[in-house]
Amino acid sequence: MTINAKLKKRKDKSMGKGEYAVAAAATHLLEDIDCMDRQINLVGALHEVGERYR
C-alpha cells in the first residue's frame, strides 16, 4: 500500500469519526507529500485526537 493510499484511507476514517483536524492535515499533506511542515502538522493532529499513526 502506498503512502498516498494510506493517507486517503486515514482521511476517510477521520472524516467518519469527526476528527476534522486529522482529515484536513492528511488532505493538505496529499497535496505535497515531501513538505516536512505538512508531515509535522499531520503528526500534531493525530496527537490531538489521541491516535497513533499506523
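The values are calculated or read from the model by the stated rules, or taken from the named source; none is laboratory data. No experiment lies behind these values; they were computed from the predicted model shown. No Cβ is skipped: glycine too gets one built from the backbone with ideal geometry, and neighbour counts run over all protein chains shown. When the accessible area is computed, the model is the full protein with side chains, heavy atoms only, and any ligands, DNA or RNA have been set aside. Shrake-Rupley method; radii C 1.70, N 1.55, O 1.52, S 1.80 Å.
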List the residue pairs whose Cβ atoms are under 9 Å apart, where the first residue sits in segment 38-50 and is among the acidic types (Asp, Glu), the second is open to solvent by less than 90 Å² (accessible area, probe 1.4 Å), and the two are 6 or more positions apart or on different chains. Glu48/Glu19; Glu48/Ala21; Glu48/Val22
Selection within segment 1-53 - open to solvent by 80 Å² or more (accessible area, probe 1.4 Å) and outside any helix (DSSP H, G or I): Met1, Thr2, Asp34, Arg52, Tyr53
